[in-house]
């Protein structure tokens with residue numbers, strides 16, 4: 001299907017309004033998912049809620065895609081021949097990014113990683129499942145119909161800016177600090193969005209997204225112990241935090257540059 005970009009004010013404003021409506025629907029779907037699973041065992045409640053939210057979000061993507069008279073291929077949710085390899089590469093790179101950030105912080109001292117004793121496979125598998133489901137829901141919301149539809153009506157650059165802004169605001173409203181929401185989620189949104197636009201699919205950004213979050217959790221960078229516990233020497237909290245932020249920006253910048261270099265021949269639109 002050949003997509004023609006719409007440059008008239010009415011066209012892109014209508015598309016933007018529909019994207020906002022779509023996003024509101026995904027929020028309602030997520031809230032609904034948490035409501036109906038509130039009596040489920042705490043051990044699997046989050047996973048079940050996010051699973052339902054991801055399924056409902058996928059259905060919304062299909063409905064809104066059809067409403068805009070696009071094909072599912074046009075919004076990148078149909079797997080292709082390269083999807084498995086792209087997901088695997090993204091997952092590997094995402095883990096490498098998390099490890100690299102941790103190694104940089106370790107190299108400056110006053111910080112150590114302590115292996116959590118007697119951690120079980122279930123205690124590792126359930127968080128991994130949660131990050132798979134949460135990453136899937138977020139990629140469907142921000143990097144499928146929304147991002148691609150806006151890129152067709154406006155430009156890929158403006159679409160990326162708009163969706164990354166909404167992505168950051170969602171993280172801010174959900175309880176993240178301004179720093180984590182704007183710098184953290186914002187930079188991640190640029191990486192994942194660029195990967196989605198360059199590859200015309202969700203496999204690469206999904207692999208990056210899941211692995212990055214799981215890698216950070218595993219290394220204790222999510223504010224609680226994972227497979228390892230991150231221990232900061234008393235009195236050096238601010239210094240270690242600043243080093244961690246600098247390392248984060250470094251690895252994210254490398255990943256963004258890597259996507260641009262590897263897919264330099266691929267147009268964003």
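Here are some notes:
- Relative contact order (percent, whole number), the chain, Cα cutoff 8 Å, 6+ residue spacing: 28 percent
- Per-residue [θ]222 nm for the chain (sum of -39500 (n - 2.57) over DSSP H runs n ≥ 4, rounded to 500): -23500 deg cm²/dmol
- Angle of helix 83-107 to the longest C-alpha principal axis of the chain, folded into 0 to 90 degrees and rounded to 10: 40°.
- Relative protection proxy for 205-217, 13-25, from highest mean packing down: 205-217, 13-25 (other beta-carbon atoms within 10 angstrom).
- Among 77, 183, a tally of other beta-carbon atoms within 10 Å of each Cβ gives an order, fewest to most, of 183, 77.
- Taking the C-alpha atoms only, the angle from helix 121-143 to the longest principal axis of the chain is near 30 degrees.
- Relative contact order %, the range 95-201, counting alpha carbon pairs below 8 Å whose residues are six or more apart: 20 percent
- Using alpha-carbon coordinates, inclination of helix 203-218 to the longest axis of the chain, degrees: 20 degrees
- Relative exposure of 158, 150, 204, judged by other C-beta atoms within 10 Å (fewest first): 158, 150, 204
- Rg/Rh for the range 81-205 stands at 1.02; both radii use Cα atoms, and Rh follows the Kirkwood definition.
- q = 0.09 Å⁻¹, the range 9-262: log10 I(q)/I(0) [Debye, one scatterer per Cα]: -0.41
- Paired Rg and Dmax values of the range 53-155, which use every Cα atom, in angstrom: 18.6, 56
Where a number appears in this text, it was derived from the coordinates with a stated rule and is not lab data. None of these values were measured; they are calculated from a predicted model. Here Cβ is always computed from backbone atoms with ideal geometry, including for glycine, and neighbour counts include all displayed protein chains.
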